[in-house]
1. Mind checking which pairs have a first residue in the stretch 44-56 that is touching a residue at least 60 places away in the same chain (Cβ under 8 Å) and a second that is open to solvent by less than 60 Å² (accessible area, probe 1.4 Å), Cβ under 7 Å, 6 or more apart or different chains?
2. Checking the structure you have, find out if any residue of the stretch 142-157 is in contact with a Leu (Cβ under 6 Å, 6 or more places away or on another chain), more than 15 Å from residue 86 (Cα to Cα) and not in a loop (DSSP other than H, G, I, E, B).
3. Restricting to the stretch 135-187, give me the number of residues that are modelled with pLDDT of 90 or more and more than 25 Å from the chain's Cα centre (by Cα).
4. For the stretch 171-190, which positions are open to solvent by less than 70 Å² (accessible area, probe 1.4 Å) and either closer than 18 Å to residue 82 by Cβ or hydrophobic (A, V, I, L, M, F, W, C) (or both)?
5. Within the stretch 120-160, which residues are open to solvent by less than 60 Å² (accessible area, probe 1.4 Å), farther than 14 Å from residue 174 by Cβ and not small (Gly, Ala, Ser)?
6. Condition first: closer than 21 Å to residue 7 by Cβ and either modelled with pLDDT under 90 or in a loop (DSSP other than H, G, I, E, B) (or both). Now tell me which residues in the stretch 114-125 satisfy that.
7. Counting only residues that are charged (D, E, K, R) and modelled with pLDDT under 80, which one in the stretch 44-99 is surrounded by the most Cβ atoms within 10 Å (Cβ to Cβ)?
8. With the checklist (1) open to solvent by 20 Å² or more (accessible area, probe 1.4 Å); (2) modelled with pLDDT under 75; (3) out of contact with any Lys or Arg (no Cβ under 7 Å at 6 or more places or on another chain) in hand, flag the one item residue 29 doesn't pass.
Amino acid sequence: QQLPLNGRDWTQLASLQPGVNIVRNQASVGSNGSSDATKVTRGFGMELSVSGTRSSQNNYRQDGISFNDYTNDAPGNVLGAQLGVDAIQEFSVLTTNYSAEYGRTSGGVVNSVTRSGTNSLHGSAYEFARNAVFDARNYFDGAIKPPFSRNQFGGTVGGPIRQNKSFFFGNYEGLRQALTVTQLSSVPSD
């Protein structure tokens, strides 16, 4: 809760590792009015360059299982965020000189381990709101800010199935967003 993550995407923390950069020059979904934008054909996750490699050369693993998207890029939802920060117990980013168990890639390895249940029932619930009311006006917006509304909500629950033997843990996160973007067009004069 205390980490400054836009959209509560835990993979943003990978950029704190030396040699890891976020690739920001990719086209967004539906840019230039095209339904065949680059992001649609390449996946939606946040793209990372690890030690200068391409973003499709990274391997994302959760509990030891690779979960790259269909283009071998970072997994993510339609907004490009990796949801479920409350379900992650720990994560690590391996950039170079990792052992053979992390083969399959010439780029970096992003490992995550999910939380698990315990002998006592526990859980959490949350809701985060981000709206245009909290944003500053962009210089190009004119007198009126474009509408923006983001609402993230969810909860976790974990506990025992059989005391000291087996446990359960579940996580749900919902995201609702409406965003309008200001676009300027220059046209020749009459």
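The values are calculated or read from the model by the stated rules, or taken from the named source; none is laboratory data. What you see is a predicted model; the values in this text were computed from it and never measured. Positions of Cβ are backbone-derived with ideal geometry, glycine not excepted, and every protein chain shown enters the neighbour counts. Quick note on the areas: whole protein, heavy atoms, side chains included, nothing else; ligands and nucleic acids left out. Shrake-Rupley method; radii C 1.70, N 1.55, O 1.52, S 1.80 Å.
1. 48/14; 48/20; 48/22; 48/23; 48/55; 48/58; 48/74; 48/108
2. Taking the stretch 142-157 and keeping what is in contact with a Leu (Cβ under 6 Å, 6 or more places away or on another chain), we get 148, 152.
Next cut, more than 15 Å from residue 86 (Cα to Cα) only: 148.
Of the ones still in play, those that are also not in a loop (DSSP other than H, G, I, E, B) are 148.
Looking for residues that are in contact with a Leu (Cβ under 6 Å, 6 or more places away or on another chain), more than 15 Å from residue 86 (Cα to Cα) and not in a loop (DSSP other than H, G, I, E, B), one finds at least one in the stretch 142-157, hence yes.
3. Total satisfying the criteria: 9.
4. 171, 173, 174, 175, 177, 178
5. If we filter the stretch 120-160 for residues that are open to solvent by less than 60 Å² (accessible area, probe 1.4 Å), which is where we start, we get 122-124, 126, 131-132, 135, 141-142, 146, 148-156, 158-160.
Checking the rest, the ones that are also farther than 14 Å from residue 174 by Cβ come to 122-124, 131-132, 135, 141-142, 146, 148, 158-160.
Result: 122, 131, 135, 141, 146, 148, 160.
6. First pass over the stretch 114-125, keeping only residues closer than 21 Å to residue 7 by Cβ: 114-115, 124-125.
Passing the criteria: 114, 115.
7. Checked the stretch 44-99; the qualifying residue surrounded by the most Cβ atoms within 10 Å (Cβ to Cβ) is 73.
8. Going through the list (1) open to solvent by 20 Å² or more (accessible area, probe 1.4 Å); (2) modelled with pLDDT under 75; (3) out of contact with any Lys or Arg (no Cβ under 7 Å at 6 or more places or on another chain), residue 29 breaks only (3).
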